[in-house]
1. Points 7 angstrom from Cα along the Cβ direction at LEU245 and ASP37: gap in nanometres?
2. Taking the Cα centre of region 37-165 as the origin and placing charges on Cβ (Lys, Arg +1; Asp, Glu -1), which of ALA70, ASN124, GLN135 is farthest toward the positive end of the dipole?
3. Most fluctuating residue of ALA163, ALA145, ALA63 in a GNM of the chain with Cα springs under 10 Å: which is it?
4. With a cut-off of at most 14 other beta carbons within 10 Å, and DSSP calling the residue loop, which chymotrypsin sites (Phe, Trp or Tyr not before Pro) in region 162-256 qualify? Please list them.
5. Taking the chain as a Gaussian network, Cα atoms linked when under 10 Å apart, which of ILE113, ILE50, ILE79 shows the biggest mean-square fluctuation?
6. Pop out the carbon and sulfur fraction of the accessible area of region 267-397 as a percent, whole number, probe 1.4 Å.
7. Under 15 Å from a label point 7 Å along Cα→Cβ of LEU341: give me every residue in region 357-384 with its amide N that close.
8. What is the distance, in nm, between label points placed 7 Å from the Cα along the Cα-to-Cβ direction at ALA371 and at TYR166?
Amino acid sequence: MNVLVINAGSSSLKYQLLNPATGALLAKGLCERIGIDGKFTYKPEGKQAIKEADVAMPTHSEAIQAVLNALVDKDNGVIGSMKEIDAVGHRVVHGGEAFASSVVITDEVMKAIEECNPLAPLHNPANIIGIKACQSLMPGVPMVAVFDTAFHQTMPPVAYTYALPYEYYEKDKVRRYGFHGTSHKYVAGRAAEMLGKDIKDLKLISCPLGNGSSVTAIDGGKSVDTSMGFTPLAGVPMGTRSGDLDAGILEYLMGRYNMDIKEMVSILNKKSGVFGVSGVSSDFRDLENAGAEGNKRADLAVDMFNYGVKKLIGSYAAAMGGVDAIIFTAGVGENSASQRLAITSDLEFMGVKMDAEANKVRGEERVISAADSRVKVLLIPTNEELMIALDTAALVK
Ligand code: AMP
């Protein structure tokens, strides 16, 4: 069985063709500048990537058609015909409270996803466009929606309710939703395999750390708390996002600089985080280099990030009444040995002891805590596309 995984943005579309049974990746790529001047990248597994500029892609339909053409191309294709695509898995950012798991897409499901649009106005409409384009180009092929928020629907009210007038939750759906759910779910499953335990018996804290970062407490395989909130702006400071913040600052700054709320929120999303603090970059490699050259603000930004993650690990261990394993994943989590060490430093009081040698590794599934560490620390490369393909295969079987 082959599953085409689609992650549609407003002007871009990422895709992978995978065999969920074996985990094999057949091909992947990216359509960019849809509606502008169409850039197309296609990489069949084991071969060079093919890049084309000025590909006519006025809409997502032409972009997906280009993907399908590439997949069946007689020279560089990876399947003989479209019949070899058994299902399509779509990443959908927001499922609100309507979706606690992945679902086969029906007309009713489409309606419910559309109803979530106000909660993710930049993302959900683009996801819907991607689904509709696939439906028209691949009639009869089952489609599945996999939501970033679904995994966190198991959070209890004590974790998801904001201390605001309660009617904002009841009438306006303002609550913590959490994101990165596909990634948290994938690494939690892998962690259970690596530890040889039933996930039901594990308390895990998963940390996908990258440009966007979130920390999640996973008790018995279920998300019980997470650092992102109503939007992905909350939690630890990120590449350019502020993370948690005293809301009183907004009124103060908007008054002093005569900003409207749009400008303020744009600053919180695009000019804050480690970029805002360092004034150097949102990229942690640049910050490491700048720090090595003596840039104190770059050091401060990285230290703040690491400190923020460490505090969440402590609070989630408290929330769950313990922790069996901490998982690092995504760009920073998979690659930065120094940040993993900094985040887990001084946590011996709660049973975390790193193995500095084992930690000297990148992007490889591995235990990086010491043999006598009560809490295991795991490096697990994330694979959201495989998780989407697995969910899709399970639902369409
Ligand atoms: P992601 O959003 O998961 O793609 O992660 C992107 C972030 O990971 C960027 O800030 C990168 O600088 C960071 N990253 C990638 N490799 C390294 C590395 N070797 N050391 C530190 N950060 C890294």
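1. 3.4 nm
2. Positive-end residue among those listed: ALA70.
3. ALA163
4. Numbers: sites: TYR162, TYR166, TYR168, TYR169, TYR177, PHE179, TYR186, PHE230, TYR252; in loops: TYR162, TYR166, TYR177, PHE179, PHE230.
In loop regions of region 162-256 (DSSP not H, G, I, E or B), the sparsely surrounded chymotrypsin sites (Phe, Trp or Tyr not before Pro) are TYR162, TYR166.
5. ILE50
6. On the way: 3200 of 6180 Å².
Carbon plus sulfur share of accessible area: 52 percent.
7. Residues 357-362, 368-370 qualify, since their backbone N sits under 15 Å from the label point.
8. 5.5 nm
The values are calculated or read from the model by the stated rules, or taken from the named source; none is laboratory data. None of these values were measured; they are calculated from a predicted model. Glycine gets a Cβ as well: all are built from the backbone with ideal geometry, and neighbour counts include every protein chain shown. SASA here: full protein model, heavy atoms, side chains in, ligands and nucleic acids out. Shrake-Rupley method; radii C 1.70, N 1.55, O 1.52, S 1.80 Å.
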